[in-house]
1. Just tell me which lysines come within less than 24 Å, Cα to Cα, of K273; anything on the same chain fewer than 8 places away is out.
2. In a solvent-free Debye calculation with one equal scatterer on each Cα, what is log10 I(q)/I(0) for the chain at q = 0.08, 0.11, 0.12 Å⁻¹, listed in the order of the q values?
3. In deg cm²/dmol, rounded to 500, what helix-only [θ] at 222 nm does the chain give when every DSSP H run of at least 4 residues adds -39500 (n - 2.57) and the total is split over its residues?
4. For the chain, list the DSSP H helices whose alpha carbon atoms reach 15 Å or more along the long axis and whose average Kyte-Doolittle value is 1.0 or above?
5. Once you sort the root eigenvalues of the Cα gyration tensor of the stretch 171-308 as a ≥ b ≥ c, which label holds: rounded (a/c under 1.5), prolate (a/b larger than b/c) or oblate (the other case)?
6. Give me the distance between the Cα centres of the stretch 17-55 and the stretch 188-264, rounded to whole Å.
7. Sort out the exposed loop GluC sites (Glu not before Pro) in the chain (DSSP loop, at most 15 other Cβ within 10 Å) and tell me the longest stretch that has none.
8. Could you check the spin-label model distance between A180 and Q383? Points 7 Å from the Cα along Cα→Cβ, value in nm.
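Just so it is clear, none of the values below were taken in a lab; they were calculated from the coordinates. Given the structure is predicted, the values throughout are model-derived calculations rather than measurements. As a convention, Cβ positions derive from the backbone with ideal geometry for all residues, glycine included, and neighbour counts pool all protein chains shown.
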Amino acid sequence: MSHLTELQHRAASHVMHTYPLAPAAFVRGQGTVLFDGEGASWLDFLSGLAVTSLGHAHPAVTAAVADQASKLVHTSNLFLTEPAVELAERLGRIVGWDDATVFFAQCGATANEAAIKLARKHGKRQHDDKVRVVALEGSFHGRTLATLEATGQPSKHAPFAPLAGFVDHVAHDDPDALRAAVGDDTCAVLLEVVQGEGGVRPIAAEVLRAARDACDRAGALLIVDEVQTGMGRTGPWFAFQDTDVVPDVITVAKALANGLPIGACIARGEAAKVFEPGDHATTFGGNPVVCAAANAVIETIESDGVLATARARGSRLREGLEALVRGAPHAAGTRGAGLLLGLTLDAPVAADVVAACRDRHLLVNAVAPDVVRLAPPLTVTRQEVDQALATLRDALSEVSASSDPEVTP
Ligand SMILES: Cc1ncc(COP(=O)(O)O)c(C=O)c1O
């Protein structure tokens, strides 16, 4: 029995089936490459859902984790620890806000929960009903009850409805609708600069500006969810830094500790001073081992010039995808930024393309029936980019040939 088959067998009895599982299981990784239980290598252009941005087993992260784990693993937030305070300082610096304060959570959803609670408290200081949130259709903000409600994907709400009913959704591309939806009872607008799970869909500059203006008029907070876009994924440290809009709050998670579970809610100005003792808390937030990993991530990105390299690799990958659009079957367009790119298809065959890539040991995933997402580590090499593009071309040809057997790839 293979390692994969054995794991599948055991999981079937004892692990809740919440994910559509891919037929692969890995035992170790190195850079952009994963190795399965049989020793075969796979090219990882998924990065564990945009998480392992420095690649697998990055030595600086491994050393930071080992060092901190050998000294102190946990004390709770009743006590300060050096790694957490240092990380809060570093985050304030890279976000570019002198007055930034940080709340540490465990993941993207819990970072967004913190941001939503912060905005509701900020709103209630103005009047008691100022607790509503405006979010965009197609967005993804997490799976806890509040973040699920903020997520603009009704199919994900359905099994759990009714929800609390405090979020109003507007089209992702309609600045007027957004302005109209923000009223006196709105405490926040919550949005992504590039909708990741919603299909690698960049949000137009006019929509971002409308959100900022509407928040200013209504005394609401603009929260930008940088859970997927942050830490250099789209080019700058944070995607909003490539726009002319400055939010009041951002949330970060995924790549922040290169795979260890962490989330952060970062606020500036008035928003930075909203939470007081007793308002919000979590046992594991700011855990010293996880914060040490995140400090190593930021230090490495800075010392190794990772943002510049990632921009260059992003351009190469995008150019390669555009060449596929010109010459490969089904490839219809590209969208996204930096190394968060989507290949749009002319038919709902993304799952087939992903499967054909997987057969060739390239990991990518489908974020819509007609969109394949590519999110390799920011440290991906030129050769790996070219290899992935060649594999993708083969996969598109195979899918085209199997959907129309008369056509030779
Ligand atoms: C933009 C965005 N926000 C929030 C989340 C939720 O993060 P997590 O799965 O860590 O709770 C995700 C996850 O994909 C995301 O892409």
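1. K117, K121, K124, K130
2. -0.44, -0.83, -0.99
3. Dividing the helical sum by the residues of the chain leaves -12500 deg cm²/dmol.
4. Numbers: long enough: 3-14 (17 Å, -0.95); 59-71 (18 Å, 0.26); 82-95 (20 Å, 0.19); 108-126 (28 Å, -0.98); 205-218 (20 Å, -0.32); 288-303 (22 Å, 1.11); 306-327 (31 Å, -0.06); 382-403 (32 Å, -0.31).
Qualifying helices: 288-303.
5. Values: a/c = 2.28, a/b = 1.37, b/c = 1.67.
Cα axes put the stretch 171-308 in the oblate bin.
6. 27 Å
7. Values: sites that count: E38, E406.
Between exposed loop sites, the widest span is 39-405.
8. 5.6 nm
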